[in-house]
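Peer 1: One structure, as structure tokens, below. Some questions next.
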Amino acid sequence: MYIRPLAKAAFFSAVATSFTGALTAGLGQGFDLGTQWPGNAVALVLKAVEGSFEPVHRFFTVAAGVLYLLVFLAAWRVGGRLRLVAALALASLAATALTGRVVLLVLGGEVPPPISYAVYPLNNFFALATALLMALLASLLEPRRYKTRLAFFYRGAAFWGAVASVSGAYILGYHKIVKAPLAYSLWPPSWDLAWLIHLAAALLAVSFSLVALASGFSPSLWHILLALSIAVQPLTGLLMFYGASADPWAPGPQTAFHGAFAHLLVVSAFVLYLKSR
């Protein structure tokens with residue numbers, strides 16, 4: 001069925017959109033085009049040629065929008081649960097784009113605190129939901145199932161991974177807005193609630209993933225993505241910490257890998273959970 005490869009292409013376009021968005025933030029290029037959105041096409045191309053990833057991120061957003069719309073139209077013809085999932089995925093992508101627009105307003109100082117502090121985690125949540133819903137649609141077209149006894153661990157990895165992702169986006173967004181470097185410590189502990197939630201959730205997500213993979217790994221797309229995610233996250237998280245401690249506006253390209261693989265961890269664990277129930 002042609003909808004299956006189309007759904008996978010749409011899923012990876014959403015991941016690419018998140019990656020370029022996080023890369024834009026990590027390199028401090030999020031305000032390269034000001035608050036103008038979507039912006040003049042010529043200006044976007046010229047800025048991309050200059051080396052800015054902000055217009056590249058917008059190009060990927062448009063490409064993802066086209067693919068998500070095509071999947072929605074194809075799913076509508078098929079009917080059933082696919083219609084609902086495709087509609088939710090398309091709506092989530094639209095919400096991601098709209099909250100991305102608000103991010104620009106936050107960077108421009110046009111959204112006051114404390115409302116501005118909620119924009120980054122909200123944008124991250126919708127970006128995560130966009131990828132997750134399309135992965136769910138693709139998985140509904142795959143009849144393969146996995147060991148049912150591992151469902152608890154996959155569910156735990158997905159839930160705590162989502163908590164870690166959203167809390168991490170809050171931390172990064174907050175420090176960008178107040179222009180204050182990260183100053184947390186592991187020992188003695190830094191009793192900042194968001195920081196502790198992020199660390200605890202990340203540890204739980206990786207732990208649940210490790211147990212599940214050690215007990216039932218197979219060379220499927222979702223198992224491979226989950227394994228890659230938990231391999232990448234600890235190192236990029238440490239690099240993120242040092243980068244944001246030096247410059248919260250531009251913590252470095254590691255932001256893109258940490259953000260994108262955080263989403264991949266949640267998505268792959270969630271799909272495996274659904275296939276293990």
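The values are calculated or read from the model by the stated rules, or taken from the named source; none is laboratory data. Just so we're clear, the structure is a prediction, and the values are computed from it rather than from any experiment. Methodologically, a virtual Cβ is constructed for each residue, glycine included, from the backbone with ideal geometry; neighbour enumeration extends over all protein chains shown. Ligands, DNA and RNA are excluded from the accessible area calculation, which covers all protein heavy atoms including side chains. Shrake-Rupley method; radii C 1.70, N 1.55, O 1.52, S 1.80 Å.
Peer 1: For Gly259, are the conditions met, namely being touching a Leu at 6+ places or on another chain (Cβ under 9 Å) and surrounded by fewer than 21 Cβ atoms within 10 Å (Cβ to Cβ)? Full working, then the answer.
Peer 2: Numbers: touching a Leu at 6+ places or on another chain (Cβ under 9 Å): yes; surrounded by fewer than 21 Cβ atoms within 10 Å (Cβ to Cβ): no.
It is false that Gly259 is touching a Leu at 6+ places or on another chain (Cβ under 9 Å) and surrounded by fewer than 21 Cβ atoms within 10 Å (Cβ to Cβ).
Peer 1: Just give me the residues in segment 14-52 being in a helix (DSSP H, G or I), touching a Ser or Thr at 6+ places or on another chain (Cβ under 9 Å) and either of a type in the set (S, T, N, Q) or closer than 18 Å to Ala91 by Cα (or both), in sequence order.
Peer 2: Ala14, Thr17, Ser18, Thr20, Thr24
Peer 1: Ok, one more. When you check Leu98 against the structure, is it within 15 Å of Ala129 (Cβ to Cβ), in contact with a helix residue (DSSP H, G or I) (Cβ under 9 Å, 6 or more places away or on another chain), at pLDDT below 95 and open to solvent by 50 Å² or more (accessible area, probe 1.4 Å), yes or no?
Peer 2: Numbers: within 15 Å of Ala129 (Cβ to Cβ): yes; in contact with a helix residue (DSSP H, G or I) (Cβ under 9 Å, 6 or more places away or on another chain): yes; at pLDDT below 95: yes; open to solvent by 50 Å² or more (accessible area, probe 1.4 Å): yes.
Here the answer is yes, as Leu98 does meet what is asked.
Peer 1: Further, regarding this structure: Here is a list: Val111, Val106. Which entry is on the phi < 0 side of the Ramachandran plot and buried (at least 23 other Cβ atoms within 10 Å of the Cβ)? Break it down into steps so the answer makes sense when it comes.
Peer 2: Working: Val111 fails: buried (at least 23 other Cβ atoms within 10 Å of the Cβ).
None of the others qualify; the one that does is Val106.
Peer 1: Which of (1) open to solvent by 40 Å² or more (accessible area, probe 1.4 Å); (2) of a type in the set (Gly, Ala, Ser); (3) within 30 Å of Gly28 (Cα to Cα) is the odd one out, the single condition Ala48 does not satisfy?
Peer 2: The failed condition is (1).
Peer 1: Something else: Against the conditions (1) part of a helix (DSSP H, G or I); (2) under 19 Å from Val103 (Cβ atoms), where does Ala89 fall short? Just the number, please.
Peer 2: Tallying (1) part of a helix (DSSP H, G or I); (2) under 19 Å from Val103 (Cβ atoms), Ala89 fails exactly one: (2).
Peer 1: Only one of Leu88, Leu93, Leu70 is under 25 Å from Gln29 (Cβ atoms) and in contact with a helix residue (DSSP H, G or I) (Cβ under 8 Å, 6 or more places away or on another chain). Can you tell me which? Talk me through it step by step, then tell me what you get.
Peer 2: Numbers: Leu88 fails: under 25 Å from Gln29 (Cβ atoms); Leu70 fails: under 25 Å from Gln29 (Cβ atoms).
Exactly one residue qualifies, and that residue is Leu93.
Peer 1: Given Tyr120, Tyr68, which one is within 22 Å of Ala16 (Cβ to Cβ), in a helix (DSSP H, G or I), open to solvent by less than 20 Å² (accessible area, probe 1.4 Å) and not aliphatic (A, V, I, L, M)? Step through it out loud before you land on a result.
Peer 2: Values: Tyr120 fails: open to solvent by less than 20 Å² (accessible area, probe 1.4 Å).
Unique residue meeting the criteria: Tyr68.
Peer 1: Now a separate question. Within segment 7-18, work out how many residues are open to solvent by 10 Å² or more (accessible area, probe 1.4 Å) and not charged (D, E, K, R). Walk me through how you get there before you give the answer.
Peer 2: The first filter runs over segment 7-18 and keeps only residues open to solvent by 10 Å² or more (accessible area, probe 1.4 Å), leaving 8-9, 12-13, 15-18.
Next, from what is left, pick out any that are not charged (D, E, K, R): 9, 12-13, 15-18.
Of the residues in segment 7-18, 7 are open to solvent by 10 Å² or more (accessible area, probe 1.4 Å) and not charged (D, E, K, R).
Peer 1: I've got another one for you. In segment 19-40, how many are at pLDDT below 75 and open to solvent by 60 Å² or more (accessible area, probe 1.4 Å)?
Peer 2: 5
Peer 1: Here is a further query. Considering only segment 1-50, how many residues are β-branched (Val, Ile, Thr), more than 23 Å from the chain's Cα centre (by Cα) and closer than 26 Å to Ala246 by Cβ?
Peer 2: 0
Peer 1: Consider Leu182 carefully, then state whether it is part of a loop (DSSP other than H, G, I, E, B), within 22 Å of the chain's Cα centre (by Cα), modelled with pLDDT under 95 and crowded, with 16+ Cβ neighbours inside 10 Å. Explain how you work it out, then say what you get.
Peer 2: Numbers: part of a loop (DSSP other than H, G, I, E, B): yes; within 22 Å of the chain's Cα centre (by Cα): yes; modelled with pLDDT under 95: yes; crowded, with 16+ Cβ neighbours inside 10 Å: yes.
When the stated conditions are applied, Leu182 passes them.
Peer 1: Shifting gears a bit: Need the failing condition index for Trp195 against (1) closer than 23 Å to Ser116 by Cα; (2) surrounded by fewer than 18 Cβ atoms within 10 Å (Cβ to Cβ), just the number.
Peer 2: It is condition (2) that Trp195 fails.
Peer 1: In this structure, is Gly243 touching a residue at least 40 places away in the same chain (Cβ under 8 Å), within 26 Å of Thr24 (Cα to Cα) and surrounded by 13 or more Cβ atoms within 10 Å (Cβ to Cβ)? Working first, answer last.
Peer 2: On the way: touching a residue at least 40 places away in the same chain (Cβ under 8 Å): yes; within 26 Å of Thr24 (Cα to Cα): yes; surrounded by 13 or more Cβ atoms within 10 Å (Cβ to Cβ): yes.
Judged against the criteria, Gly243 is a match.
A quick yes/no check of all residues on (1) within 15 Å of His198 (Cβ to Cβ); (2) assigned to a loop (DSSP other than H, G, I, E, B):
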| position | (1), (2) |
| --- | --- |
| Leu225 | no, no |
| Pro234 | yes, no |
| Met240 | yes, no |
| Gly243 | no, no |
| Ala250 | no, yes |
| Thr255 | yes, no |
| Ala260 | no, no |
| Val266 | yes, no |
| Val271 | no, no |
